[in-house]
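The structure appears below as structure tokens.
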Amino acid sequence: MRCLHSGFAIALTLVGALFGVPGCVQRACPEAGCASGISAKVSGQPGMPASVRVCLDGTCAVVPWPSGNPRCEEVETDWRVSVCLQDDGSITNLEFPADARVKDGVEFELVMEDAAGQTLLHESETVVFSDSYPKGKRCPGQCQYANYRY
């Protein structure tokens, strides 16, 4: 079925709706935001971290462990990385700039260290991204993301 954008087409759609005949419905794209990135959730903290180091293909950023309110810390590099504390663990998010070319196969590394520099957690992944269409597949705004749990 093809939708016409005229008064006549709208009238036909209304008449069709009255008699149970499917018609054309114009759908607007929602304003939902979309950012590509990687999210890592760590449950059951191993000791008391002082910092979190996040590396992506050898480029690293160090984020201090959150203290006080709000319970998040953030650092900007080529990408934005944040560490947030929740009741059931911590979440580390990397958010890529809108123009970033996200591709499978990048190396992701997450390291938590204590104040003495001892490694409490060291995880690494070869990333495979999934597609996300928060506005729907017919609307602009595709993102790519990867989620990990440790």
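The values are calculated or read from the model by the stated rules, or taken from the named source; none is laboratory data. Since the model is a prediction, treat every value here as computed from it, not as a measurement. A quick note on method: Cβ atoms are made from the backbone with ideal geometry, for glycine too, and the neighbour counts reach across all protein chains shown. For the accessible areas, the whole protein counts, side chains as well, though only heavy atoms, and no ligand, DNA or RNA atoms are used. Shrake-Rupley method; radii C 1.70, N 1.55, O 1.52, S 1.80 Å.
Quick notes on this one:
- Sites E74 and C29, calculated FRET efficiency, Cβ-Cβ separation with R0 25 Å, nearest 0.05: 0.30
- Carbon + sulfur, % of accessible area of the range 37-124 - ligands and nucleic acids excluded, 1.4 Å: 45 percent
- For K41, a cut-off of 27 angstrom between C-alpha atoms picks up these lysines, skipping any fewer than 8 places away in its own chain: K103, K135.
- Charge dipole magnitude, Cβ of K and R +1, D and E -1 - the range 80-150, Cα centre, debye nearest 20: 620 debye
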